[in-house]
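Reviewing the structure listed below.
The values are calculated or read from the model by the stated rules, or taken from the named source; none is laboratory data. Source: prediction; values computed, not measured. Don't worry about glycine lacking a Cβ; one is built from the backbone with ideal geometry, like all the others, and counts go over all protein chains shown. Keep in mind that these areas ignore ligands, DNA and RNA; they rest on the heavy atoms of the full protein, side chains included. Shrake-Rupley method; radii C 1.70, N 1.55, O 1.52, S 1.80 Å.
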Amino acid sequence: MSAAHLHLAVALDGAGWHPAAWRDPAAAPKDLFTAAYWAALVAEAEHGLLDFVTIEDSLGPQTTHLDGPDGRTDQVRGRFDAVLVASRVAPLTRRIGLVPTAVVTHTEPFHLASAVSTLDYVSAGRAGWRVQVSGRRTEAAHFGRRDIPELRPEHIGAAEPPPVFRELFDEAADAVEVVRRLWDSWEDDAEIRDVATGRFIDRDRLHYIDFEGAHFSVRGPSIVPRPPQGQPLVTALAHSRLPYEFAARSADVVYVTPHDAEQARAVVAEVRGLGAETLKIFADLVVFVGEDARNRRARLDELDGAAYTSDASIFTGTPGELADLLLDWRRAGLDGFRLRPAVLPTDLSAITRGLVPELQRRDAFRRAYRASTLRGHLGLLRPASRYVGSRR
Amino acid sequence: MKQVILAAHFPGVNNQTVWSDPASGSQIDFASFTHLARTAERGRFDFFFLADGQRLREQRGRIHDLDVVGRPDSLTVLSGLAAVTTHLGLAATVNATFNEPYDLARRIATLDHLSGGRAGWNVVTSSDAFTGENFRRGGYLDHSQRYERAEEFVRTTRELWDSWAAEDLVADPVTGTFATREAGAFAHRGTHFDIGGRFTVPRSPQRHPLTIQAGDSDGGREFAAATADAIFSRHGRPAEGQAFYRDIAARVAAHGRAPGSLKILPGATFALGDTDAEAQEHADHIRRQQVSPQTAILLLEQLWNRDLSAYDPEGPLPEIDPDVSEDRSIIKGRAGMYRDRLKTAAEWRALAEQKRLGIRDLIIEVTGRQSFIGSPARVAEEINESVQSDAADGFILVPHLTPTGLDEFVDKVVPLLQERGVFRTEYGTTTLRGHLGLENNG
């Protein structure tokens, strides 16, 4: 891989990231809950040689409110389990990485480790995971096991967030640690099939993980043998110090949301300052791409009744202009970008058929996949199990 | 004539699955799952079935190392199989003890959408603190409560599945309504779950994906009669199958359900040959592979509940009696198999003496489990006879080999069942409920 090549991912969510995207003439709102819809999107992303797609998820419906449902009926509501969507499209694709979102707050790390391992098997080494924390009271009420205080706007990005949020991220870090230990808990060569001794596995190459934390303890080992990539890719979205710390400690890729090149430089410095030398930093951008991008955006804003705002910067322009922006921002030290298509499939095909050729012309993006695994696309080696050499 | 129901069980993690055979492939690569699922679909099977486990078994305090071990997350691998099959039902065993209704209902409903109405859920429970060591809450559930919780779990899951009416998903770009204001609203207040809010998955093709139940206790049978669509039973032989069938039918009626609304599907293994004699030889060969000398000792230990590693697998049974203490089990992560250890041990001793069997040969004799041994014609006839005589509604077939263990059955037995007019030659429906002739709740 050329050092000059940047990494590109797309974030898939519903009909696209603009809340009125489903009303665009190109959208297929009745198809959102079909396998064919997701298969077509991921195939298009693979056609564009992208590193990976992410698939959004949450343990509650989409909402414009921070803390729970907003009662709106004019925006996409409803979601599939993202891990299963990724697994459904895996056999239909060959190279592209598949990174579903999965919440750690109300789920079992043991189950998450198994599910992502399994996705890695189904996709032959293309699995990742976006770790998501749920801080909503309303989502906690879907489980009825814990109370979470109300999330308020002033908490977002606050220098000193309420203690519960530190606790949620500490719990998330514990969950990732458990998952990573479980992935390592079978050494690669644990299956021996030794007819002479009658042993299928060498039990000395399986390991208890014996994790003890504030929220849970997990004994191990995994029930799924070590996945093809060894460690599937762990990713996280982060907007402020607390999640930066979480990402630096736990993730392989962090998605950040600067609004210009200068901010990007500051964010990269802050994240790198946390000791995350090998962490890949991707900037998130919502994108309306094409000659008619400005008009499309205006039309959708009108349909939604408000100008679209986002945590990430919103780009509107031609593929050439987007390529200019990405190459400019990249100089801030970014490894790549996760583009959020405003309308699906329109802005996705504008990325794969407009932006990608433009970047290729500038020798800034691959012309063919060089690797077959997601770690491989990012130039990450397959790590050895941390337990190799530690025999009980 | 009753139509036979057939399901394909991916070979499990026990000594029935032979790994020492040169034809034995990977138990974890997706290609193995694809092969078995496509074979089952080629044979027009009703569904594909996956077992589950959440903790590796231990014996004598160490991880059990003699059997096939290592398996995928059920729902995740089935979602992948939905991409490489078109009609085959996809049923996952998922534990109701170590999951929560909201998350699991989402995952099963998602699979039902992604497979076009082919999802099934085999509900199992666990009260096992050993398995609980891998989960947040640990072994928190008293044994007596497990079906109570399971029943409330299933009920809650169906409430979640019902939280979207078919018309709640509008998606009309002209009027600008995507979903109704009520879409997904639910509230459940019960003994085990007190939850409320909004469910994120619209009504799925089957509305209620198929539920299967596998426990055999009185509580398990009641649970099945009250809520399940199918039972994965262990009563495959004609006489006991008929007794079980009558028992369940009475319970189903007592719950006010229609006859035939609960399908009874014993697990079954098979050994085929061109002639009956050849099949018997094949069965004997499989049994010897299933019970290696080391496995023989471990299986004996499971009855004796003692470390018998010093015994010769070819030698006689131990003189010493089984350890019957309740609180100490030599095996962990597997349900107890023997109710009265001393009685069973006495029977085994008598049998060993009578037939002059050493430990391994005795174990082969007493744990042999092939339900159907014979030529394809004989096996087809026995399966059909079991179904027509109400010993079963069909079978969940458990091949002894991964992943090719079903090939011969599909090539040789299925056509004979089709010739008899008791098994479909083409799928008539696209949903799992449709295949089983159960009302599609959608």
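Let me confirm something: among A:Asp189, A:Asp202, A:Asp184, which residue is more than 12 Å from chain B (Cβ to nearest Cβ) and closer than 24 Å to B:Val18 by Cβ?
Exactly one of A:Asp189, A:Asp202, A:Asp184 is more than 12 Å from chain B (Cβ to nearest Cβ) and closer than 24 Å to B:Val18 by Cβ, namely A:Asp189.
Count, please, the residues in region B:372-411 that happen to be aromatic (Phe, Trp, Tyr) and part of a helix (DSSP H, G or I).
Taking region B:372-411 first, the residues aromatic (Phe, Trp, Tyr) are B:372, B:395, B:409.
Right, trim to part of a helix (DSSP H, G or I) and you get B:409.
Residues in region B:372-411 being aromatic (Phe, Trp, Tyr) and part of a helix (DSSP H, G or I): 1 in total.
Answer yes if at least one residue in region A:181-191 is modelled with pLDDT under 95, over 13 Å from A:Arg386 (Cβ atoms) and either in contact with an Asp or Glu (Cβ under 7 Å, 6 or more places away or on another chain) or in a loop (DSSP other than H, G, I, E, B) (or both), and no otherwise.
Scanning region A:181-191 turns up no residue that is modelled with pLDDT under 95, over 13 Å from A:Arg386 (Cβ atoms) and either in contact with an Asp or Glu (Cβ under 7 Å, 6 or more places away or on another chain) or in a loop (DSSP other than H, G, I, E, B) (or both).
For region A:62-70, check the following and say yes or no: at least one residue is open to solvent by 10 Å² or more (accessible area, probe 1.4 Å), of a type outside the set (Lys, Arg) and touching a strand residue (DSSP E or B) at 6+ places or on another chain (Cβ under 8 Å). Give the derivation first.
Applying the first criterion (open to solvent by 10 Å² or more (accessible area, probe 1.4 Å)) to region A:62-70 yields A:62-67, A:69-70.
Going one step further and asking which of them are of a type outside the set (Lys, Arg), we end up with A:62-67, A:69-70.
Checking the rest, the ones that are also touching a strand residue (DSSP E or B) at 6+ places or on another chain (Cβ under 8 Å) come to A:69.
Checked against the condition, which is being open to solvent by 10 Å² or more (accessible area, probe 1.4 Å), of a type outside the set (Lys, Arg) and touching a strand residue (DSSP E or B) at 6+ places or on another chain (Cβ under 8 Å), region A:62-70 yields at least one hit.
Considering region B:101-159 alone, what residues qualify as being of a type in the set (Val, Ile, Thr) and within 25 Å of B:Leu438 (Cβ to Cβ)?
Answer for region B:101-159, where residues must be of a type in the set (Val, Ile, Thr) and within 25 Å of B:Leu438 (Cβ to Cβ): B:Ile108, B:Thr110, B:Val123, B:Val124, B:Thr125, B:Val154, B:Thr156, B:Thr157.
Considering each residue of region A:44-59, count those that are outside any strand (DSSP E or B) and either of a type in the set (Phe, Trp, Tyr) or surrounded by 24 or more Cβ atoms within 10 Å (Cβ to Cβ) (or both), and give that number.
Adding up the residues that qualify gives 4.
From the list B:Gln242, B:Gln213, which residue is in contact (Cβ under 8 Å) with a residue 12 or more places away in the chain and either more than 23 Å from the chain's Cα centre (by Cα) or open to solvent by 10 Å² or more (accessible area, probe 1.4 Å) (or both)? Break it down stepwise before answering.
Details: B:Gln213 fails: either more than 23 Å from the chain's Cα centre (by Cα) or open to solvent by 10 Å² or more (accessible area, probe 1.4 Å) (or both).
Answer to the check: B:Gln242.
Of the conditions (1) closer than 14 Å to B:Gln54 by Cα; (2) modelled with pLDDT of 95 or more, B:Leu88 clears all except one; give me its number.
With (1) closer than 14 Å to B:Gln54 by Cα; (2) modelled with pLDDT of 95 or more applied to B:Leu88, the lone miss is (1).
How many residues does region A:30-43 contain that are open to solvent by less than 30 Å² (accessible area, probe 1.4 Å) and farther than 14 Å from A:Arg79 by Cβ?
Initially, region A:30-43 is screened for residues open to solvent by less than 30 Å² (accessible area, probe 1.4 Å), giving A:32-33, A:35, A:37-39, A:41-42.
Retained after the next criterion (residues that are farther than 14 Å from A:Arg79 by Cβ): A:35, A:39, A:41-42.
Residues meeting the conditions: 4.
When you scan region B:95-137, how many residues do you find that are within 10 Å of chain A (Cβ to nearest Cβ) and over 21 Å from A:Arg79 (Cα atoms)?
Number of matching residues: 10.
Could you tell me how many of the residues in region A:8-29 are at pLDDT 95 or above, open to solvent by 20 Å² or more (accessible area, probe 1.4 Å) and more than 30 Å from A:Pro153 (Cβ to Cβ)?
The total comes to 0.
Please enumerate the residues belonging to region B:326-348 that are more than 22 Å from B:Arg62 (Cα to Cα) and open to solvent by 40 Å² or more (accessible area, probe 1.4 Å). If you could, list the steps in order and put the result at the bottom.
Start the filter on region B:326-348 by keeping residues that are more than 22 Å from B:Arg62 (Cα to Cα), which leaves B:339-348.
B:Arg339, B:Asp340, B:Arg341, B:Leu342, B:Lys343, B:Ala346, B:Glu347 - these are the residues of region B:326-348 that are more than 22 Å from B:Arg62 (Cα to Cα) and open to solvent by 40 Å² or more (accessible area, probe 1.4 Å).
Could you figure out which of (1) open to solvent by 20 Å² or more (accessible area, probe 1.4 Å); (2) in contact with a helix residue (DSSP H, G or I) (Cβ under 7 Å, 6 or more places away or on another chain); (3) modelled with pLDDT of 95 or more; (4) of a type outside the set (Val, Ile, Thr) isn't true of B:Glu222?
Condition (3) is where B:Glu222 drops out.
Would you check if B:Gln290 is within 30 Å of B:Arg62 (Cβ to Cβ) and surrounded by fewer than 21 Cβ atoms within 10 Å (Cβ to Cβ)?
Against the criterion (within 30 Å of B:Arg62 (Cβ to Cβ) and surrounded by fewer than 21 Cβ atoms within 10 Å (Cβ to Cβ)), B:Gln290 does not qualify.
Which one is nearest to A:Pro341 (Cα to Cα), of the residues in region A:39-67 that are within 8 Å of chain B (Cβ to nearest Cβ) and not hydroxyl-bearing (Ser, Thr, Tyr)? Reasoning before the result, please.
From region A:39-67, those within 8 Å of chain B (Cβ to nearest Cβ) are A:39, A:58-61; that's our starting set.
Cutting the leftovers down to not hydroxyl-bearing (Ser, Thr, Tyr) gives us A:39, A:59-61.
Details: A:Ala39: 16, A:Leu59: 22, A:Gly60: 22, A:Pro61: 20 Å.
Among those residues, the one meeting the criterion is A:Ala39.
Count, please, the residues in region A:111-126 that happen to be touching a strand residue (DSSP E or B) at 6+ places or on another chain (Cβ under 6 Å) and aliphatic (A, V, I, L, M).
3
Among the residues of region A:304-315, are any in contact with a His (Cβ under 7 Å, 6 or more places away or on another chain) and not hydroxyl-bearing (Ser, Thr, Tyr)? Reasoning before the result, please.
Of all residues in region A:304-315, those in contact with a His (Cβ under 7 Å, 6 or more places away or on another chain) come to A:308, A:311, A:313.
Next cut, not hydroxyl-bearing (Ser, Thr, Tyr) only: A:311.
Within region A:304-315, one or more residues are in contact with a His (Cβ under 7 Å, 6 or more places away or on another chain) and not hydroxyl-bearing (Ser, Thr, Tyr).
Under 7 Å between Cβ atoms, at least 6 apart or on separate chains: pull out the pairs that start in region B:172-189 with a residue that is within 7 Å of chain A (Cβ to nearest Cβ) and within 15 Å of A:Gly60 (Cα to Cα) and end on any residue that is open to solvent by less than 70 Å² (accessible area, probe 1.4 Å) and among the basic types (Lys, Arg).
Sorted first by the residue in region B:172-189, then by its partner, the pairs are B:Ala179/A:Arg77; B:Ala183/A:Arg77; B:Gly184/B:Arg198.
Does A:Val85 count as facing chain B (nearest Cβ under 9 Å) and outside any loop (DSSP other than H, G, I, E, B)? Give the derivation first.
Working: facing chain B (nearest Cβ under 9 Å): yes; outside any loop (DSSP other than H, G, I, E, B): yes.
When the stated conditions are applied, A:Val85 passes them.
For region B:245-262, give me each residue that is open to solvent by 40 Å² or more (accessible area, probe 1.4 Å), among the small types (Gly, Ala, Ser) and either part of a helix (DSSP H, G or I) or within 17 Å of B:Gly437 (Cβ to Cβ) (or both).
B:Ala249, B:Ala250, B:Ala253, B:Ala254, B:Ala258, B:Gly260
State which residue is farthest from the other protein chains (Cβ to nearest Cβ) when the search covers only region A:124-151 and only residues that are outside any loop (DSSP other than H, G, I, E, B) and open to solvent by 40 Å² or more (accessible area, probe 1.4 Å).
If we take residues in region A:124-151 being outside any loop (DSSP other than H, G, I, E, B) and open to solvent by 40 Å² or more (accessible area, probe 1.4 Å), then A:Arg137 is farthest from the other protein chains (Cβ to nearest Cβ).
Could you list, in sequence order, all residues of region B:190-206 that are touching a Lys or Arg at 6+ places or on another chain (Cβ under 7 Å) and at the interface with chain A (Cβ under 7 Å from one of its Cβ atoms)?
Answer for region B:190-206, where residues must be touching a Lys or Arg at 6+ places or on another chain (Cβ under 7 Å) and at the interface with chain A (Cβ under 7 Å from one of its Cβ atoms): B:Thr200, B:Val201.
When residues of region A:98-115 are filtered for being more than 21 Å from A:Asp210 (Cβ to Cβ) and either hydrophobic (A, V, I, L, M, F, W, C) or open to solvent by 10 Å² or more (accessible area, probe 1.4 Å) (or both), how many remain? Don't jump to the end; show me each part of the working.
Filtering region A:98-115 down to residues more than 21 Å from A:Asp210 (Cβ to Cβ) leaves A:98-103, A:105-106, A:115.
In the following step, the residues that additionally are either hydrophobic (A, V, I, L, M, F, W, C) or open to solvent by 10 Å² or more (accessible area, probe 1.4 Å) (or both) were identified as A:98-99, A:102-103, A:106, A:115.
Looking only at that region, the number is 6.
Scan B:Leu401, B:Leu397 and give me the residue that is under 25 Å from B:Thr17 (Cα atoms), open to solvent by less than 40 Å² (accessible area, probe 1.4 Å) and out of contact with any helix residue (DSSP H, G or I) (no Cβ under 8 Å at 6 or more places or on another chain).
So the residue among B:Leu401, B:Leu397 that is under 25 Å from B:Thr17 (Cα atoms), open to solvent by less than 40 Å² (accessible area, probe 1.4 Å) and out of contact with any helix residue (DSSP H, G or I) (no Cβ under 8 Å at 6 or more places or on another chain) is B:Leu401.
Select, from B:Arg106, B:Arg146, B:Arg136, the only residue that is open to solvent by 10 Å² or more (accessible area, probe 1.4 Å) and more than 22 Å from B:Phe223 (Cα to Cα).
The conditions single out B:Arg136.
State which residue is nearest to B:Asp312 (Cα to Cα) when the search covers only region B:349-363 and only residues that are part of a helix (DSSP H, G or I) and open to solvent by less than 20 Å² (accessible area, probe 1.4 Å).
B:Ile359
Condition first: among the aliphatic types (A, V, I, L, M) and without any contact (Cβ under 8 Å) to a residue 24 or more places away in the chain. Now tell me which residues in region B:303-330 satisfy that. Show your work before the answer.
The initial filter retains those residues of region B:303-330 that are among the aliphatic types (A, V, I, L, M), namely B:303, B:308, B:310, B:317, B:320, B:324, B:330.
If the condition is that a residue be among the aliphatic types (A, V, I, L, M) and without any contact (Cβ under 8 Å) to a residue 24 or more places away in the chain, then B:Leu308, B:Ala310, B:Ile320, B:Val324 are the ones that fit.
Do the conditions hold for A:Asp74, that is, is it surrounded by fewer than 22 Cβ atoms within 10 Å (Cβ to Cβ), acidic (Asp, Glu) and within 7 Å of another protein chain (Cβ to nearest Cβ)?
yes
Pairs please, first residue from region A:17-30 and more than 19 Å from A:Leu339 (Cβ to Cβ), second anywhere and open to solvent by 40 Å² or more (accessible area, probe 1.4 Å) and of a type outside the set (A, V, I, L, M, F, W, C), Cβ atoms under 6 Å, 6+ apart in sequence or on different chains.
A:Arg23/B:Pro173
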